[in-house]
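Just below is one structure, and these are the notes that go with it.
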Amino acid sequence: MANGVRTLLVWCPDWPVVAAEIVLGVPAAEPVAVFADNRVLACSEAARRETVRRGLRRRDAQGRCSRLIVVEHDPGRDARAFEPVVAAVEEVAAGVEVVRPGACALVARGPSRYYGGEEAAAERIVEHIAQACAVESQVGIADGVFAAGIAARSGRIIEPGGTAGFLADMPVEALERPELTDLLRRLGAKTLGEFAALPAGDVLTRFGFDGALAHQLARGADHRPLAVRRPPPDLAVSETYDEPLDRVDTAAFAGRVLAERLHERLAGYGLACTRLGVEAVTADGQELHRVWRHDGLLTAAAIAERVRWQLDGWLTGARRNGPARPTAGLVRLSLIPDGILAHAGLQPGLWGDAGAERERAHRAFSRVQGLLGPEAVVTPVAGGGRSGDDQIRLVPWGDERSPSRPAAPHDDPIPGLVTVPVLDRAIAPDLPGPRRFPVPAVPAGPVRTRPSTGDGAAPRESPGERLASVSHLRLITGPQEVPAMQSEAPAAQSEAAADDGAVAASDVRPESLEPARPTATVVVRGRKARPPLLPPWPGRLPRPSPAMVLPQPIPAVVHDETGLPVGVSARLELTGTPTVLTVDRSAPLPITGWTGPWPIDERWWVPEEARRRARFQMSLADGRAVLLSLAAGQWTVEAIYD
């Protein structure tokens with residue numbers, strides 16, 4: 001199964017009939033049928049003895065049972081009547097999810113461990129529902145909600161791992177999809193096992209998306225996990241005092257202790273609060289309550305400070321025309337957090353988001369600018385560019401923080417794409433993934449390494465020696481590992497680069513594989529027009545961005561396994577495998593992984609501003625990763641990854 005969760009499902013037979021008895025007073029012991037769209041939706045046991053079945057038309061059902069009591073279906077009535085049953089289940093087992101009125105599910109692991117087994121837990125739940133609600137119920141346990149629902153109709157407990165075998169003998173009508181069921185029977189698939197044996201791809205092609213979901217259910221794999229409601233944790237803290245607190249200093253000390261306890265409890269759950277409720281009970285039974293609100297997160301010191309202020313106001317009664325102070329001291333003090341937020345990812349500003357701290361910082365920065373000039377205090381603004389050094393623009397403090405070169409959002413590499421390292425020039429395997437790049441065949445036998453020229457490019461090679469550019473380094477871009485990907489330049493562009501010896505500019509990823517960016521539609525003079533998209537900046541580095549961009553690149557040398565410097569040919573082929581990196585005058589460092597080259601030829605139409613280079617990402621044996629650039633035969637370190 002997809003999620004592998006043991007599920008306990010509570011099923012109340014003929015629930016629409018039971019709900020009609022609870023709400024409308026209809027006697028369920030008599031022949032009763034609930035109709036929806038002029039067909040029988042549910043019927044009582046007495047009606048079934050009169051051959052009344054689900055799906056019958058009203059005229060046919062009344063013809064079979066002349067004293068049949070007819071009730072119209074009301075989903076709201078069923079849901080209201082089922083709420084006490086859910087509450088009764090939640091009294092003995094936490095985390096209940098209502099599947100539909102008449103059926104609810106929960107994870108079986110907790111109740112089974114508490115009551116000493118799955119069978120004991122099922123008996124305890126059925127017994128409690130009968131005592132609390134006077135409702136008959138049955139329990140089924142299996143691997144998944146769908147299988148547990150079928151098992152509940154016969155009150156069975158399916159062994160772990162036996163769900164697929166249990167479902168194999170069930171008829172296809174258990175899917176409760178009449179059109180699909182009729183089609184499957186005409187095709188010869190009468191059981192869920194026969195339906196599950198069909199190839200998943202053929203099922204999707206023939207029956208569509210809904211058929212594919214039904215196929216997953218037939219194989220015992222629920223297409224969605226059980227999303228249960230967990231009871232919220234009790235975060236409030238309170239303390240009772242034998243001696244009444246009638247002095248402000250003693251009450252403030254007690255409040256500080258409670259504030260620290262509250263902060264530790266919130267931190268234990270990874271939470272923080274923005275509002276604080278302070279409750280106090282006096283010796284005479286008087287109850288006092290106030291709620292304090294804060295713009296940011298309430299720390300332990302901030303909580304203790306507000307508690308002290310509130311206790312001071314209560315015990316001194318210092319407000320003009322306000323109520324008098326309590327007639328007795330405080331014997332109970334409680335702190336109730338409100339406005340709960342997840343603390344992870346909520347980062348306040350360096351000097352606060354609002355208030356006096358921000359104004360004070362603004363005045364200080366303005367004073368420094370008045371003494372040293374506007375460029376003395378600057379803030380970074382991210383914009384468009386292909387490297388870390390040209391994507392950031394420093395803006396003087398107080399100026400508009402707008403990028404000089406706007407760009408589209410930086411997309412992540414394609415998830416799930418796996419690259420294959422091509423280390424042997426005599427072998428060119430196919431690349432897996434959603435798109436396969438053609439790799440020309442390379443004749444077997446030794447290939448001579450040609451010396452590189454002065455600009456880092458080797459002489460032209462024959463077409464048989466061309467090799468596709470493939471990544472060798474896997475990058476971490478989030479919660480999952482996503483390999484970096486190198487695109488292959490178009491054939492015409494590669495041929496042009498080979499003719500004039502220049503490095504062709506290409507994007508990091510093929511444009512055909514980039515996700516479509518949403519565009520906003522505006523109305524101009526009664527017509528719809530689409531605003532121009534921001535430039536995607538072909539050749540931009542993929543994520544993650546470097547942690548530190550060096551102000552001045554550091555000279556370096558990359559050697560292959562033979563000790564020769566590594567270069568890049570005009571066809572974007574390395575003259576050797578990067579093995580050792582020497583940065584400036586430091587000791588050589590082994591290279592454990594690399595990806596590239598990523599060629600760019602910037603501003604070639606302006607000779608004095610033109611810049612042509614090939615970039616690489618390399619991971620070193622000491623755990624660091626660097627961004628290298630090769631231009632005019634010279635290696636340099638441009639940035640360092642964290």
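Every number here is computed from the coordinates shown, using simple stated rules; none is lab data. Everything quoted here is computed from the prediction, not taken from an experiment. A quick note on method: Cβ atoms are made from the backbone with ideal geometry, for glycine too, and the neighbour counts reach across all protein chains shown.
Go ahead and run the numbers for FRET between residue 379 and residue 261, Cβ-Cβ distance against an R0 of 45 Å, rounding to 0.05.
Numbers: r = 40 Å, r/R0 = 0.88.
Here the calculated transfer efficiency is 0.70.
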Rounded to the nearest 0.05, what FRET efficiency do residue 316 and residue 293 give with R0 = 25 Å and r taken as the Cβ-Cβ distance? Could you check? 0.65
Along the Cα→Cβ direction, 7 angstrom out, place labels at residue 120 and residue 185. What is the inter-label distance in nm? 4.5
Rounded to whole Hz, the Karplus (6.51, -1.76, 1.60) HN-Hα couplings of segment 363-380, x for glycine and proline: 5, 5, 5, 5, 5, 5, 5, x, 7, 10, x, x, 7, 6, 10, 10, 10, x
Stretched fully, the stretch from residue 309 through residue 132 gains (0.36 nm per residue minus C-alpha distance, one decimal, in nm) 59.0 nm
Full extension between residue 392 and residue 62 adds, at 0.36 nm per residue less the Cα distance, a length in nm of 110.9 nm
Order the peptides 366-374, 249-257 from the highest to the lowest mean number of other Cβ atoms within 10 Å of their residues. 249-257, 366-374
At 7 Å along Cα-to-Cβ for each site, give me the label-to-label distance between residue 608 and residue 585 in nm. 3.6
With θ taken as phi - 60° and the coefficients 6.51, -1.76 and 1.60, list the Karplus ³J(HN,Hα) couplings across segment 544-549 in order, rounded to whole Hz; mark glycine and proline as x. x, 6, x, 6, 9, 9
Taking amide H atoms as placed 1.01 Å from N in the peptide plane, list the residues 5 or more away in sequence, or in a different chain, whose amide H sits under 5 Å from that of residue 104. 10, 99
FRET efficiency for residue 173 and residue 98, Cβ-Cβ distance as r, R0 = 22 Å, nearest 0.05? 0.35
Once both labels are modelled 7 Å past Cα along the beta-carbon direction, what's the residue 209-residue 53 spacing in nm? 3.4
